[in-house]
Structures are given as C-alpha cells and as structure tokens.
1. What tally of residues in segment 294-312 results from selecting those that are more than 19 Å from K109 (Cβ to Cβ), not in a strand (DSSP E or B) and not hydroxyl-bearing (S, T, Y)?
2. Determine which single condition D163 fails, assuming it passes every other condition in (1) out of contact with any strand residue (DSSP E or B) (no Cβ under 8 Å at 6 or more places or on another chain); (2) modelled with pLDDT under 95; (3) not small (G, A, S).
3. From the list A90, A115, which residue is assigned to a helix (DSSP H, G or I) and without any contact (Cβ under 8 Å) to a residue 12 or more places away in the chain?
4. Give me the residue from segment 197-216 that is in a loop (DSSP other than H, G, I, E, B) and not β-branched (V, I, T) and, out of that set, nearest to R306 (Cα to Cα).
5. For segment 68-83, what are the residues that are open to solvent by 10 Å² or more (accessible area, probe 1.4 Å) and over 20 Å from V52 (Cα atoms)?
6. From the set of residues in segment 171-196 that are polar (S, T, N, Q) and not in a loop (DSSP other than H, G, I, E, B), which is farthest from E151 (Cα to Cα)?
7. From L167, L175, which residue is under 23 Å from H132 (Cα atoms) and assigned by TED's automatic domain parsing to the domain that holds L139?
8. Hand me the list of strands (runs of 3 or more DSSP E) wholly inside segment 217-282 holding 2 or more residues that are open to solvent by less than 10 Å² (accessible area, probe 1.4 Å) and not hydrophobic (A, V, I, L, M, F, W, C).
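The values are calculated or read from the model by the stated rules, or taken from the named source; none is laboratory data. Predicted model only: the values in this text are computed from it and were never measured. Cβ sites come from the backbone with ideal geometry, for glycine too, and all protein chains shown count toward neighbours. The accessibility values were calculated without ligands, DNA or RNA, using every heavy atom of the protein model including side chains. Shrake-Rupley method; radii C 1.70, N 1.55, O 1.52, S 1.80 Å.
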Amino acid sequence: MTVPKPPLKILLAAPRGFCAGVDRAIQIVEQALTKFGAPVYVRHEIVHNRYVVDSLRAKGAVFVNELDEIPDTTQPVIFSAHGVAKAIPASARGRNMFIVDATCPLVSKVHMEVARHHEQGREIVLVGHRGHPEVVGTLGQLPDGAIHLIESADEARSFLPRDATNLAYVTQTTLSLDDTAEIVEILKARFPGINGPVKEDICYATTNRQNAVKAIATRIDGLIVVGGPKSSNSLRLVEVAERAGCQFSVLVERAADIPWAKLEGAKAIGITAGASAPEVIVEEVVEAFRQRYDVSIDVVTTLEERVIFNIPREVRLARAPAEQH
Ligand code: SF4
C-alpha cells in the first residue's frame, strides 16, 4: 500500500531568476562560441552560478582568474557581468586581445557615475561588500584612495571625509534595499549636501526579487532561494525573507542541497531564485518537492519584467564560420 504524501503549498515568487544583465552575459559567451569557435576565454565566472559556468565550459568556454593565464590568442576574451577595474582592459589591449565586455549595463552606469564625481572633484563613498567582484571593479575605475568603501551602518556613522561638503555616494547594484536605505540615510543626515544617483544604483532585478520575496514571506513556513553561494543578490534574498518574517530561509545551489529536516511540518514553502540562477534548477527543486509531497503551486507575481539588454556589436554582427563564404 502506498503511503499518501503530505500536502504542501508552494508559493513561487515572481519575478525570480535570470535578469537582463545575466541573460546578456550568457548570450555573449554562447554567441562568441558559435561565431568564433572554441576556446572563448572568460575572465572570472561569467555570472555567479556553477550550473551556468559548467554548461558554458562544456561548450568550450575557458574560465580564468587573471589575463596572464590566457595564451597569446586572437580568440575572444570576455569580461564577466560584474565589471572589471580599468587596468584589466588596458592590460588586455596591451596584449592585442580581442576584448568582449559582458559587464552589465547597470554596473557600467555606476562606473560612469564614479568617473563623473571624480571629474567634478568629489570624494566618493561606495556602499558595498568588500571583495565582491563588482566592488573590486568599481573601486578600480579610479586611482587608489579615490573611493571609500562603506559596508555597514556603523561604518557610515564613523566615516570621516576629507571635505564633508564635497561628497558623493554610489552603491553596489545587488544590495539589500532596506540595509542600503539605512546607510544612505545616515550619510545624508551627516552630510546633507552629499550627491547621490538620480535613480538608485540597486538594480531593477535586485529590487523586484526582494519585493517578490517580501510579498510571500509571512505566508510561508520556509523559503528556498536557488542561487550560488557567491551570488550577492541571492544571499540578500535569504536575509530579506528572514527580516520580512519568514521563519526559515536557505540558499541552495541544487535540489540535493535542500535541508529536508528543517522543513519538516511545513504546510507552505516559498521558492525564488537569484538573478544568476537558471529556471531549470527551480524546476529541479519543485520536482524534488513533488517526490515527497502532494504539491499545489501558486505563482505570486508582484510585477512583470520586460528589460532586455543588447549584446555588443562585435559579437552580434560577427558571422559564424558557416555563414562566411
Ligand atoms: Fe545587472 Fe542587476 Fe542583473 Fe547584476 S543583478 S547583472 S546589475 S541586472
């Protein structure tokens, strides 16, 4: 006799998963492989997701940490969606490399902001997480010391600028909306003339995924966030859920990581995915729940996203070998 499975409601948060910047970065690598053949070199993980990186590696992408790991080549050298310090393309050009920049346009916007503030002689504060590739790239837009990194409200309270009347701030694109709002409020209270972005730097995808999680957080007994352990926006979704009242929230890379014991007794769980996590893993996670529970699914959509970014001309307009006569 088969034992009936316990019922479980799954609230699928929407929007979730791939953003326009990640989608563009993956397309750049895939089209570069189609049009120029393997190998295509990619500096750093193109996006913070092992499944995506492994899939591209299987197609012929070669991932490196630094340019000096790449032999002299005419093949494309792609920079990841997180952006790079100015010294990196300069060094690649010095070696006549064929550069394709997959930096998300919303990260490039922050790079342009810091350059503008610097030109106007302002001291710049970057709100972000030390060591994250995007932060390394943004800091590297300007000479050492031109940008001060602030990671917390406490650091915002103790920050001592050279000239409190000539300041500007920018932020990492994938931060917690609420934590960042607190830090920015502290900076504005201490330095009322501080210049900031016209429209905030936290990107639309980070904002929408956090709001979608807040919309379900009090209706679920636990939240599964599909995403890589280095993915900033995915990690923020775990925190946002907990702060919004969800008792348990966890990041999983694959279905095999689901902590079943922690979900025992749950009647409703939520599932979302960070901006670099493919939908196929969400489907894998849902399927794992179906194996154990009698699942009913509600998709909770807080907003429809329609953002698309064009891929660079040098890849878009290149012709695949079969098209070259
Ligand atoms: Fe661009 Fe935001 Fe996606 Fe990062 S999370 S790649 S900034 S759209």
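1. Residues in segment 294-312 being more than 19 Å from K109 (Cβ to Cβ), not in a strand (DSSP E or B) and not hydroxyl-bearing (S, T, Y): 2 in total.
2. Looking at each condition in turn, D163 falls short on (1).
3. A90
4. Top of the filtered list is C203.
5. Within segment 68-83, D68, E69, P71, D72, T73, T74, Q75 qualify.
6. The residue in question is N195.
7. Matching residue, one of L167, L175: L175.
8. The strands (runs of 3 or more DSSP E) meeting that bar are 268-273.
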